[in-house]
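Heads up: the structure comes next, in structure tokens.
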Amino acid sequence: IRWEMLNLISTVHKQVHFIGIGGISMSALAQILLTRGVKVSGSDSRPSPITARLAQDGAEVRIGHGAENIKSPDLVVYTAAIADDNPELLEARRRGIAVVERADFLGALTRDYTYPVAVSGTHGKTTVTAMLSCVLLHAGYNPTVLVGGELSQINGNFHVGGAEHLIFEACEYVDSFLKFHPFAAIVLNVEEDHLDYFSGIAQIKASFRAFLEKIPNGGFAVLNSEDENVMRCAEGVACEKILYGANGAYRARNVKFSDSGTASFTADYSGGAVEVALGVRGVHNVSNALAVFAAASRLGVTPAHIADGLADFTGTRRRFEYKGAFRGAAVYDDYAHHPTEITATLNAAKNIRHNKIWCVFQPHTYSRTKALLDGFAESLAAADRVIITDVYAAREPNDGVTRAETLAEKIKAAEYISDFHAIAEYLKANVSNGDLVITMGAGTITELSGLLV
């Protein structure tokens, strides 16, 4: 029924309403419908550059949620973060308007393409989706792209291309990726996360295995050979498996870092080797580039085009993004919100010439902070100085127990400061010329980097 619903959008469903239209994924779906001539409306809790662009491109966007926003749509799309008592969702159901969750809608959309490629994993999905998109575009392909960050090469978070390749992120949260229909999948890593939904690593691995089992005959999976959980998930899966990393067919050697921290390496593959110079930092991005190399090769891109496409990629917004200078210190903004991601970012920062590394971290969700508290403390301790600010609740209510102060107390060189302006003043008094300042987290912490620079 849902597939038929999407298939009829351009002929029967003349208007689609998105609850949470300003989200990075929802906005891309809305933009695709706009290009198909569908009337798009939507609402979001706050204005943003994304909602402004949607309005400019023809969508009717309302700030704030209310039943009055539901006018006469044929279909309403909502995200998993929207509560059941959302007034627009309630109004749509009261009036008998068709309602579908975002993952179901995207799952139906994947059927429109010959080769949908799903990028999955606990970390790195946005970077690898963007990297692969750059490689394919550089090689003369015309993929449709849905990426969870803003990419300069496509001037945003989506690109409407042809009907052959769809490159998109496949998130495991609430088993969303089990609603997709990939021809190919990349699995970067499998770790504990989203523990407000998953009971633990066993359930997470079972979910990733079910995802891999969705790949059809003739399709393929690109797998991180260095991640034990990834390899466990893939055991016995029937599709073609392509391994990268130390134990795979695609490997990196002679890894080096420039003074600015960007990585270069020799990529070895079954037919030879090629030199790769990345425009992004960190050894984790060497691994990401190998995943892209493996996937792009299987899709028919030559090694030379892959290397050139990887060199063109300079990152997406909020992934170790340079923002400017503050009192002689370089300011970066990063999306890391899991201990493994924090470690990767801080290790990448250490490859840049610096005096002290300051990390200002905003924990994301109470459940993740509580479940991974010790991991956060250990990973953040790699910075010279740490400032912890209040937990960004996102979709969750305050549990009344989990406090940012508790995390700060576990880190030797840490301070707890709740207000962004107070943090800026503290940094103004303490940061020195040649330091690095990294604002970090998946919430509103990015606003602090703007205050500083």
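The values are calculated or read from the model by the stated rules, or taken from the named source; none is laboratory data. Quick caveat, the model's predicted, so the values are computed rather than measured. All Cβ positions, even for glycine, are placed from backbone atoms using ideal geometry, and neighbour counts span all protein chains on display. Calculation scope for accessible area: heavy atoms of the full protein, side chains included, ligands and nucleic acids excluded. Shrake-Rupley method; radii C 1.70, N 1.55, O 1.52, S 1.80 Å.
Given their separation in residues at 0.36 nm each and the Cα-Cα distance between them, Asn142 and Ala81 gain 18.8 nm when the chain is fully extended. Short-range pairs are left out: with C-alpha atoms under 8 Å and at least six residues apart, the relative contact order of the chain is 11 percent. The distance separating the Cα centre of segment 277-321 from that of segment 391-425 comes to 35 Å.
Measure up Lys256/Lys350; Lys125/Lys350; Lys323/Lys350; Lys256/Lys323; Lys323/Lys356 against 21 Å on the Cα-Cα distance and list the ones that go over. From the list (Lys256/Lys350; Lys125/Lys350; Lys323/Lys350; Lys256/Lys323; Lys323/Lys356), the Cα-Cα distance tops 21 Å for Lys125/Lys350; Lys256/Lys323. Report the paramagnetic label zone for Tyr426: residues of segment 334-377 whose backbone N is under 14 Å from a point 7 Å from Cα along the Cα-to-Cβ axis. Output list for this probe position: 358-363.
Across the alpha-carbon set of segment 201-300, the Rg to Rh ratio works out to 1.02, Rh being the Kirkwood radius.
Here segment 8-120 is treated as an ellipsoid with the same Cα gyration tensor; its semi-axes, largest first and in whole Å, are 21, 16, 15. With all protein chains in place and a 1.4 Å probe, the accessible surface of the chain carries 48 percent carbon and sulfur.
For Ala273, no residue 5 or more places off, or on another chain, has a built amide H under 5 Å of its own. On a per residue basis, segment 1-144 carries 40 Å² of accessible surface, using protein heavy atoms and a 1.4 Å probe. One compactness figure for segment 148-245 is 1.15, namely its Cα radius of gyration divided by 2.2 N^0.38 Å. The ellipsoid equivalent to the alpha-carbon distribution of the chain has semi-axes of 33, 30, 21 angstrom, derived from the gyration tensor eigenvalues as √(5λ) and listed largest first. Per-peptide packing, taken as the mean over residues of other Cβ atoms within 10 Å, places 87-95, 364-372, 283-291 in the sequence 283-291, 364-372, 87-95 from highest down.
Most tightly packed first, judged by the mean number of other beta-carbon atoms within 10 Å of their residues, the peptides 72-85, 302-315 read 302-315, 72-85. Extension gain, Val453 to Leu373, is 25.8 nm, computed as 0.36 nm per intervening residue step minus the present C-alpha separation. Of the GluC sites (Glu not before Pro) found in segment 139-169, those in coil by DSSP whose Cβ has at most 16 other Cβ atoms within 10 Å are Glu164. Ranking Asn288, Ala404, Ser432 by how far each Cα lies toward the positive end of the dipole of the chain (charges on Cβ) leaves Asn288 at the top. Once the 1.4 Å probe is applied to the protein heavy atoms, segment 254-298 comes out at 37 Å² accessible per residue. Here the Debye sum runs over all C-alpha atoms of segment 309-453 as equal scatterers in vacuum, and log10 of I(q)/I(0) at q = 0.12 Å⁻¹ comes out as -0.44.
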